[in-house]
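Encoded as structure tokens, the structure appears first; notes follow it.
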Amino acid sequence: SWTSEVELDSRRSRIVNIVSQRDRFHVIYSDEWRDTMIFKVREYDPKVHLTHTDTLVMIKKGLIRPKFRFVKSEDRNVFLMTEIDNERIVSAFAYNLKERKLLWESDFDFANVNFREDYRKTMITNEGTMYLVFERNNYRYKKEDHTMDIFRYDALTKKFVQTSIPLPGFLTYDAYFKYDNLNERITIIGLHSDRNAGDTDGIYHVSLNADNLTDYQVATVNYDEELVADFHGKYNPKKESLYNLDVQDVVLRQDGGVLLLAEENKEYERLAYGGRRDYYGSSRFSVDYYYEDLVMIAIHPDGTSHWQKLLPKRQYSNDDEAAYSSYFLFKNPSFLRVLYNDEIRNENTVSEYILNGAGDITRRSLMSTDNQKLKLQIKNAVQTDANELIIPSVRGKRLRLVKLTY
């Protein structure tokens, strides 16, 4: 084992992000000198030997320190930083870590865009193209004017190409935005509601040609009867909606289709038993976390349903911020594996669902933590290879890392 201590340029240096690759990692950081903010990057090898350093941009700052958002591409080679002023994006730059060069830098003027209410997502492609997503009129009384607006920044002309996609007749309940670098398409997928914003009546799927934003398709998919019956325990024609769902993962298929994974979760706050009021008259509350069934829906490239499945799961915890609940999605070209704790307690069994592209599912017990002094935070696992992942275990004040190889 070894340790290494690295110092940045000055006491004003602040780390923006750390991007890791298989054979190196990069530290992106900022520094300040008088009225100037400087962004830099350092490249290190696995033994923390400095192999490259570069100054990215220099920005004049006023009395208030500028705020920035950081986004990286799917292949982790390109990153984007957008400057935020009064909740608006006013400038941005993109940098290629692999080629060690600044791709573009530009100032923006979004005079007629309501960032506070309409902004949804910023994406950067593996080639360095920036996309912004806005959603307008996502209200019951305005749903006939409901739209999703896409902006693509052209670095050559330094102008935006824009399209507006009508989504009349329904409200979006949850959304997930992703750029498909293989098929060069923008995917927007999520849950929609026709009436009650707390319930979801199905999913919606928007697919755009990245080179021609006017070439898009919009589709909605209702939940099938078997999925609804599994969710509620039995089929009831009066119950066609699902509730307490959040989109957690989206997997892009090579054929242009999409797999959506949503999780049922609930959070309840209650007055703790025997709780006393403090000096200020406040009471101590306890929070219960319920992370339950998983809903998986596969969509064909044309937006129609391929298959719909419910994966039963029951997890309950109290006052732990749900650190040990939920799941981890392990991906390889042949299978998807959904790993989760059967119960949230010290002595526990870890189980997994194994899925193939046709929707065939196998459940099995993976490992037991009995007498091992482990308490796994599975949702914080990191996949390091096609057959390997590392799971953190936090029990008491002790942190351990568990390596799992298939």
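The values are calculated or read from the model by the stated rules, or taken from the named source; none is laboratory data. All values derive from a computational prediction rather than experimental measurement. With ideal geometry, Cβ positions are generated from the backbone for all residues, glycine too; neighbour counts draw on all protein chains shown.
For the stretch 147-164, filtered to residues that are over 28 Å from Lys98 (Cα atoms) and surrounded by fewer than 21 Cβ atoms within 10 Å (Cβ to Cβ), the residue that is nearest to the chain's Cα centre (by Cα) is Asp149.
Which residue out of Asn341, Asn346 is over 30 Å from Gln217 (Cα atoms), touching a residue at least 24 places away in the same chain (Cβ under 8 Å) and surrounded by 18 or more Cβ atoms within 10 Å (Cβ to Cβ)? From the options Asn341, Asn346, the qualifying one is Asn341.
Being among the polar types (S, T, N, Q) and in contact with a strand residue (DSSP E or B) (Cβ under 7 Å, 6 or more places away or on another chain) is the filter; apply it to the stretch 154-205 and report the residue that is nearest to Asn138 (Cα to Cα). Filtering first and then ranking leaves Thr172.
Before we move on, is Tyr44 under 17 Å from Glu99 (Cα atoms), among the hydroxyl-bearing types (Ser, Thr, Tyr) and in contact with a Ser or Thr (Cβ under 9 Å, 6 or more places away or on another chain)? So Tyr44 passes the test.
Among the numbered conditions (1) crowded, with 19+ Cβ neighbours inside 10 Å; (2) modelled with pLDDT under 95, the only one that Arg398 does not meet is (1). Highlighted here are the strands (runs of 3 or more DSSP E) found entirely within the stretch 232-306 that include at least 3 residues which are at pLDDT below 95 and loosely packed, with under 15 Cβ neighbours inside 10 Å: 258-271, 285-299. Every residue in the stretch 72-88 that is farther than 16 Å from Ile15 by Cβ, in a strand (DSSP E or B) and in contact with a strand residue (DSSP E or B) (Cβ under 8 Å, 6 or more places away or on another chain), please. Once the filter is applied, which keeps residues that are farther than 16 Å from Ile15 by Cβ, in a strand (DSSP E or B) and in contact with a strand residue (DSSP E or B) (Cβ under 8 Å, 6 or more places away or on another chain), the stretch 72-88 yields Val78, Leu80, Thr82, Glu83, Ile84, Asp85. Restricted to the stretch 132-146, and to residues there that are in contact with a helix residue (DSSP H, G or I) (Cβ under 9 Å, 6 or more places away or on another chain) and either modelled with pLDDT of 95 or more or in a strand (DSSP E or B) (or both), the residue that is surrounded by the fewest Cβ atoms within 10 Å (Cβ to Cβ) is Arg136.
Taking the conditions exactly as written (out of contact with any helix residue (DSSP H, G or I) (no Cβ under 6 Å at 6 or more places or on another chain), in a loop (DSSP other than H, G, I, E, B) and of a type in the set (Asp, Glu)), does Glu127 satisfy them or not? Yes: the conditions hold for Glu127. All of (1) out of contact with any Phe, Trp or Tyr (no Cβ under 8 Å at 6 or more places or on another chain); (2) modelled with pLDDT of 90 or more hold for Leu208 with one exception: (1).
Close Cβ contacts (under 7 Å, 6 or more residues apart or on different chains) running from residues in the stretch 363-389 that are without any contact (Cβ under 8 Å) to a residue 12 or more places away in the chain to residues that are surrounded by 13 or more Cβ atoms within 10 Å (Cβ to Cβ) comprise Val382/Leu389; Val382/Ile390; Thr384/Ile390. Residues that are within 12 Å of Gly128 (Cβ to Cβ) and of a type outside the set (Ser, Thr, Tyr) within the stretch 95-111 comprise Asn96, Leu97, Lys98, Glu99, Lys101, Leu102, Leu103, Trp104, Glu105, listed in sequence order. When the stretch 29-83 is filtered for residues that are of a type in the set (Gly, Ala, Ser), surrounded by 16 or more Cβ atoms within 10 Å (Cβ to Cβ) and closer than 25 Å to Phe115 by Cα, only Ser73 remains.
In the stretch 367-377, the count of residues that are over 26 Å from the mean Cα position of the chain (by Cα) and on the phi > 0 side of the Ramachandran plot is one or more. For the stretch 1-41, filtering for residues that are of a type outside the set (A, V, I, L, M), part of a strand (DSSP E or B), in contact (Cβ under 8 Å) with a residue 24 or more places away in the chain and under 30 Å from Leu389 (Cβ atoms) leaves 3.
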